[in-house]
Amino acid sequence: MLRKLTKLSTLKVKCELRALSSLTQTSQHIFDRNAKRLQKERAALSEDVGLYDYLKEEIGFRLADRVFDIKREFKAAADIGCSRGYLSRHILAESVEQLTLTDTSATMLEQAQGTPGLKMVKLVKDEEQLDFEDNSLDLVISSLSLHWVNDLPGCFVRIKQSLKPDGVFIASMFGGDTLYELRSSLQLAELERKGGISPHISPFTQIRDIGSLLNRAGFTMLTIDTDELVIGYPSMFELMWDLKGMAENNAAFNRPAHLSRETMLAASAIYQELYAKPNEKGIPATFQIIYFVGWKPGPNQPQPLERGTGEVSLKDLGSIIEKGGKLDTKAGD
């Protein structure tokens, strides 16, 4: 009898530990980080690598403009996944005293340049393995890199820990509607030719998930908005070639090893038929960009009033507006 009870208690402990481990597991390994590093290395070693900078250069410029909107001088900042320096080439020394650049590709990191007078430190470091000291940074920025991170919630937590109180995190990443034309064209072509579909386009984060992930990590005063860039290409093949030149080709673990010629031709015809604009040559490609800003809580930030301290009810808002915003102090007498 005692032996049976011992077995039951041991089984119960194992089940509880298994359930606890399932709750603590917050990420899945969707992307092959080593494959992405090799893709970036190949793109950086290409002689015409500068031809494919047009998209990331534009997004880096727009994101840097948001840094300038914050009227503050940042002593220590970090650019996570800097690639070829699409952000650092727009960050001025008047705004940031020292900028630490990190990327998995040593060649791209070497090619990254900054503005005159900007102090830079370059580190070969994976976005999934950030180890900055706690409370050491005033600003963390990242442009079009975090959509390849497997553990995005954990990455946000580590970024928040590295920030000083009242530090700010400003970043951009591709949204879920990116390349929807290419995705659907490949799926329809493969469904017609093969009778099934394969994940040829990597999954992207939806905008509705970014806010919850930032809140979960502990950021406050969030600002999230989206922008869409529609770029024209002669055909689907030029689009895919440029994606390879940007090092934005598929890096998911379940990506197919080959894409047949007949499927490619069928997808190109479907793309042209469904998405090409009348009386215009070429095809459009949509890139949805998600911009977000999050602050680490600090003592000097605006705080909400305590519950119950309000003096005006929302139901009286209409009458207050009619009176020109004046409160009727005699109403409570």
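The values are calculated or read from the model by the stated rules, or taken from the named source; none is laboratory data. Since this is a predicted model, take the numbers as computed values, not measurements. Every residue, glycine among them, receives a Cβ derived from its backbone with ideal geometry; neighbour counts consider all protein chains shown. The area values use the complete protein model at the heavy-atom level, side chains included, leaving out ligands, DNA and RNA. Shrake-Rupley method; radii C 1.70, N 1.55, O 1.52, S 1.80 Å.
Given the condition closer than 29 Å to Gly196 by Cα and among the charged types (D, E, K, R), answer yes or no: does some residue in the stretch 246-256 qualify?
Yes, the conditions are met somewhere in the stretch 246-256.
Taking the options Ile91, Ile80, Ile159, name whichever one is under 21 Å from Gly50 (Cβ atoms) and open to solvent by less than 10 Å² (accessible area, probe 1.4 Å).
Answer to the selection: Ile91.
Tally the residues that are surrounded by 15 or more Cβ atoms within 10 Å (Cβ to Cβ) and among the acidic types (Asp, Glu), restricting the search to the stretch 212-271.
2
With the requirement that a residue be touching a Lys or Arg at 6+ places or on another chain (Cβ under 9 Å), among the hydrophobic types (A, V, I, L, M, F, W, C) and more than 20 Å from Tyr291 (Cβ to Cβ), what does the stretch 191-236 give you?
The one that is touching a Lys or Arg at 6+ places or on another chain (Cβ under 9 Å), among the hydrophobic types (A, V, I, L, M, F, W, C) and more than 20 Å from Tyr291 (Cβ to Cβ): Ile201.
Test of understanding: among Ala266, Ala252, Ala247, which residue is under 26 Å from Met173 (Cβ atoms), of a type outside the set (D, E, K, R) and in contact with a helix residue (DSSP H, G or I) (Cβ under 7 Å, 6 or more places away or on another chain)?
Ala247
Give the residues of the stretch 184-197 that are surrounded by 19 or more Cβ atoms within 10 Å (Cβ to Cβ) and of a type outside the set (Asp, Glu), sorted by residue number.
Residues satisfying the conditions are Ser185, Leu186, Ala189.
Restricting attention to the stretch 274-297, and to residues there that are polar (S, T, N, Q) and surrounded by 15 or more Cβ atoms within 10 Å (Cβ to Cβ), which single residue is farthest from Ile210 (Cα to Cα)?
Checking each candidate, the answer is Thr286.
Between a first residue in the stretch 153-169 that is among the β-branched types (Val, Ile, Thr) and a second residue that is open to solvent by 30 Å² or more (accessible area, probe 1.4 Å) and in a strand (DSSP E or B), which pairs have beta carbons less than 6 Å apart while being 6 or more apart in sequence or on different chains?
From residues that are among the β-branched types (Val, Ile, Thr), the pairs are Val168/Trp295.
I need every pair where a residue in the stretch 62-82 that is within 20 Å of Ala112 (Cβ to Cβ) has its Cβ under 6 Å from the Cβ of a residue that is of a type in the set (Gly, Ala, Ser) and part of a strand (DSSP E or B), sequence separation at least 6 or different chains.
So the pair list comes out as Leu63/Ser143; Leu63/Ser172; Ile80/Ser142; Gly81/Ser142.
Would you mind finding the one in Arg208, Arg183 that is over 27 Å from Tyr52 (Cβ atoms) and of a type in the set (Lys, Arg)?
Arg208
Within the stretch 103-111, is there a residue that is touching a residue at least 24 places away in the same chain (Cβ under 8 Å), part of a strand (DSSP E or B), open to solvent by less than 20 Å² (accessible area, probe 1.4 Å) and within 24 Å of Phe68 (Cα to Cα)?
yes
Scan the stretch 280-322 residue by residue and report those that are within 24 Å of Met240 (Cα to Cα) and among the hydrophobic types (A, V, I, L, M, F, W, C).
Listed by number, the residues that qualify are Ile283, Ala285, Phe287, Ile289, Ile290.
State all residues of the stretch 163-211 that are in a helix (DSSP H, G or I), charged (D, E, K, R) and closer than 20 Å to Asp227 by Cα; if no residue qualifies, say none.
The answer is Glu181, Arg183, Arg208, Asp209.
Out of all the residues in the stretch 55-77, which are exposed (fewer than 13 other Cβ atoms within 10 Å of the Cβ) and not charged (D, E, K, R)?
Phe68
In a helix (DSSP H, G or I), open to solvent by less than 60 Å² (accessible area, probe 1.4 Å), in contact with a helix residue (DSSP H, G or I) (Cβ under 6 Å, 6 or more places away or on another chain) and in contact (Cβ under 8 Å) with a residue 12 or more places away in the chain: is that true of Phe132 in this structure?
The answer is no for Phe132.
Mind checking which residues of the stretch 47-63 are modelled with pLDDT of 95 or more and among the small types (Gly, Ala, Ser)?
Across the stretch 47-63, the qualifying residue is only Gly60.
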